[in-house]
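Quick one: the structure is below, and I'll ask about it shortly.
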Amino acid sequence: MDAHDSSIGPDRIRFYTAPAVVRLLVALSGGPQRPHHLSAVTGCRWDETEEALRGLQRRGMIIREAGGYRLTQSGHVLAGRLFACASGLYRALYSRPGFSLPPLPLVVEGVLDDIGHLTLPTYHDAFHHPEHAGGEMREWMLARGYLSEADGALRLTPRGEAYRTFLDRCTGTIATIEQFNSFFESHPLDGVPEFAVQRIGDLMSAALILDLPGKTEQSFAFFLEIIEEAGSIHGVSTWFLPFIAEALWKRVMAGAEVELVITPDLAEPLWQEEFVGRGRDAAAFPNFRLFVSTVPITVGLTVTDRALSFGLCREDGTYDTVHDLVSRAPEALAWGERLFRHYKEHAVPIEDFFRERENTTGSA
């Protein structure tokens, strides 16, 4: 489930950096558009524009409605990330004193010429393993300033590093959004911090787990397995169930580091029902810490030393306990840790939360 297949990148990047597709995405980012307008903005024949539109529809990035086309939620996320990556690459290539970024279409098209080469597998591999670049490839990279040679060693220049970053970010973003298109279409990313959306491609190797309730209740078997094997657990949650809280407490007593960030409305029931009410003395275990968030939480996150489980709220704002993206890839775990730290930095220890509430309301 977690194998990283870099060979999936070139064809996908080639499609999304085709001039007709780029111009369609730029136009549709401004809102729904009628077919005759889209035909004009691509500068292509109508049959070429239609082919690009069909490709975007087939990938779930656009939808046709009465009178025109619009981006789907997944399409908005993907287009935004591609444009951001292209802007970063453009800055790396052309930034000078007094530089200002030109209009978006010019930015994206300004980096297309070389990208046409870079999406070929041989070019793609050369940017990841420059020491293995063949003679012709090496000379091309040296001539374009992507590679430097010193003391017989080949290294990517800052310009070359910018291209490799672009390829990696685009590959990861495209693969993640396309693979989990239905998930992102029904689970908005609006409340997810921008830095996490920027690196959404780090979830490329995840698997979408569907944990449907049985005859009576949901088992959460995969989630309990993640908890039971963990040496450390960092979580962000808007809900709890007694048997999950019990599984976490067992890991605490076994010596695992457990840190949880929860919502304010969860603080009272979780503390009273699972700790005070059950005689569990959290103060006796310094490896266990509860924090109450001071910012809205729209995610469900568990990241351990071995695995990541990531979920989102549905369109109506309720948390979806059925669908989770699960991964054991190092880049996914690092992504989850950064997201956890964000929520922890915007949270207070639960003791401080209750103390502040008591000072404010005069109630225990």
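The values are calculated or read from the model by the stated rules, or taken from the named source; none is laboratory data. Everything numeric in this text was worked out from a predicted model, so none of it was measured. Every residue, glycine as well, gets a Cβ built from its backbone with ideal geometry; the counts of neighbours run over all protein chains shown. Just so you know, the surface numbers come from the protein's heavy atoms only, side chains and all, with ligands and any DNA or RNA stripped out. Shrake-Rupley method; radii C 1.70, N 1.55, O 1.52, S 1.80 Å.
Please state, as a whole number in µm²/s, the translational diffusion coefficient that the Stokes-Einstein equation yields for the chain at 10 °C and 1.306 mPa s, with Rh defined as the Kirkwood radius across alpha carbon pairs.
In µm²/s, the coefficient is 69.
Tell me, what is the FRET efficiency for Lys344 and Arg34 to the nearest 0.05, using R0 = 41 angstrom and their Cβ-Cβ distance as r?
E(calc), rounded to 0.05, equals 0.30.
Further question: When all protein chains stay in place, what accessible area (Å², nearest 10, 1.4 Å probe) is found for Trp46?
Approximately 100 Å² of Trp46 is accessible to the 1.4 Å probe.
Taking a probe of 1.4 angstrom, what is the accessible area of Phe275 in Å², to the nearest 10?
The accessible area of Phe275 comes to roughly 10 Å².
Which residue fluctuates the most in the chain, going by a Gaussian network model with Cα springs under 10 Å, if the choices are Gln272, Gln198, Gln33?
Gln272
Still on this structure, I have one more. Give the share of C-alpha pairs in each 10 angstrom bin for region 229-357, from 0 to the last occupied bin, in whole percents, shortest bins first.
The calculated distribution, bin by bin, is 12, 45, 36, 6, 0.
Take the solvent-accessible surface of the protein heavy atoms, probe 1.4 Å, and return the percent of it on the chain that carbon and sulfur atoms account for. List each step's numbers first, then the result.
Values: 9090 of 17330 Å².
Roughly 52 percent, rounded to a whole number.
Can I ask one more? According to the Kirkwood expression over distinct Cα-Cα pairs, how big is the hydrodynamic radius of region 17-101, in Å?
Mean inverse Cα-Cα distance, inverted, gives 13.6 Å.
When the chain is treated as a GNM, springs tying every alpha-carbon pair under 10 Å, which of Asp151, Asp324, Asp305 comes out with the largest mean-square fluctuation?
Top of the fluctuation ranking is Asp151.
What number, in percent, do you get for the relative contact order of region 44-94 if the mean sequence gap of Cα pairs under 8 Å and at least 6 apart is divided by its residue count? Please report the intermediate quantities before stating the final value.
On the way: 24 pairs, mean separation 10.2, N = 51.
Value for region 44-94: 20 percent.
Mind listing the Cα extents of region 299-364 along all three principal axes, in Å, largest one first?
Rounded to whole Å, the extents work out to 47, 29, 15 Å.
In addition: Residue separation times 0.36 nm, minus the C-alpha to C-alpha distance between Ser100 and Ser148: what's the value?
Contour length minus the Cα-Cα distance gives 14.5 nm.
Which parts of region 68-87 would a label at Val41 reach, counting a residue when its backbone N lies under 17 Å from a point 7 Å out along Cα-to-Cβ?
Residues passing the 17 Å test: 68-84.
How many Å² of accessible area per residue for region 61-208, probe 1.4 Å?
Working: 6680 Å² over 148 residues.
The answer is 45 Å² per residue.
Got a sec? What order do Met61, Met137, Met253 fall in by accessible area at 1.4 Å, biggest, i.e. largest, first?
Met253, Met137, Met61
Counting only protein chains, not ligands or nucleic acids, how are Glu48, Glu274 ordered by accessible area (probe 1.4 Å), most first?
Of Glu48, Glu274, the descending order of accessible area is Glu48, Glu274.
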